[in-house]
Amino acid sequence: MSYSGSDNTSGAWRNDGGVPPHAFDPLTQPELFRGVAVRRAFAFLIDLVVISVPVILGYLFIGVFGLITLGFGWLLFGLAWPATVVWAIVYYGISIGGEHSATVGMRVMDLELRTWYGAPGYFVLGAMHAVLFWVSISFLTPFVVLVGLFNGRRRLLHDFVLGTVIINSSVRTEVAQPARSY
């Protein structure tokens, strides 16, 4: 048992090791999860376009550069695939680790990623979210999609592993914000 040291006003002893409870309950806050599965699919497609445009431009550059250098520039095609993977991981890491805790597609669809206890995303969490998504979808495609349909928070398999949840950010922002002290 540990003493709740976060705020000494309660003076309560807790047996949970100081771990906060789950921040998003689908029974008491169903509006946070309404339409998340469909929005998430469209956000994925938007992010796929955002990731693909620089990759396609890079491949076109290498092709033209290879013509100009009489074929020597085409050796860069060997670096194109690893660069694509790095770009996707960095994109997800920076986007989810950013101010909005969401990728461009998620922002367009009014979604955001949060940890199970309500904290915003960070770079490593965003990067791991992308890696685990692609690994899980490569091996377990139907299962990954079906898992999201049978739980109240619409979490996919990699969300369970990472302890994340995707919520409607439009609903969350309608809640009154606390007054500022300045």
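Of all residues in the range 157-166, exactly one satisfies the criterion of being hydrophobic (A, V, I, L, M, F, W, C), more than 20 Å from LEU48 (Cα to Cα) and outside any helix (DSSP H, G or I), namely VAL165.
In the set (1) touching a residue at least 40 places away in the same chain (Cβ under 8 Å); (2) among the aliphatic types (A, V, I, L, M); (3) within 21 Å of PHE42 (Cβ to Cβ), the condition left unmet by ILE89 is number (3).
The number of residues in the range 138-153 being in contact (Cβ under 8 Å) with a residue 12 or more places away in the chain, closer than 21 Å to PHE24 by Cβ and of a type in the set (A, V, I, L, M, F, W, C) comes to 3.
Report, by residue number, each residue of the range 21-55 that is part of a helix (DSSP H, G or I), under 18 Å from LEU113 (Cβ atoms) and modelled with pLDDT under 95. So that I can check it myself, show each step before the final result.
Of the range 21-55, the ones part of a helix (DSSP H, G or I) are 30-32, 36-55.
Filter once more, so that each one left must be under 18 Å from LEU113 (Cβ atoms): 31-32, 36-48, 50-51.
Result: GLU31, LEU32, VAL36, ALA37, VAL38, ARG39, ARG40, ALA41, PHE44.
Only one entry in GLY58, GLY78 is surrounded by 14 or more Cβ atoms within 10 Å (Cβ to Cβ), modelled with pLDDT of 95 or more and farther than 23 Å from LEU132 by Cα, namely GLY58.
Condition check ((1) surrounded by fewer than 20 Cβ atoms within 10 Å (Cβ to Cβ); (2) within 10 Å of the chain's Cα centre (by Cα); (3) part of a strand (DSSP E or B); (4) among the acidic types (Asp, Glu)) across all residues:
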{"position": "MET106", "(1), (2), (3), (4)": "no, yes, no, no"}
{"position": "VAL124", "(1), (2), (3), (4)": "yes, no, no, no"}
{"position": "HIS129", "(1), (2), (3), (4)": "no, yes, no, no"}
{"position": "SER138", "(1), (2), (3), (4)": "yes, no, no, no"}
{"position": "GLY148", "(1), (2), (3), (4)": "yes, no, no, no"}
{"position": "ARG155", "(1), (2), (3), (4)": "no, no, no, no"}
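The values are calculated or read from the model by the stated rules, or taken from the named source; none is laboratory data. As the structure is a computational prediction, the values presented were derived from the model and not from experiment. Neighbour counts run over all protein chains shown; Cβ positions are idealised from the backbone, glycine included.
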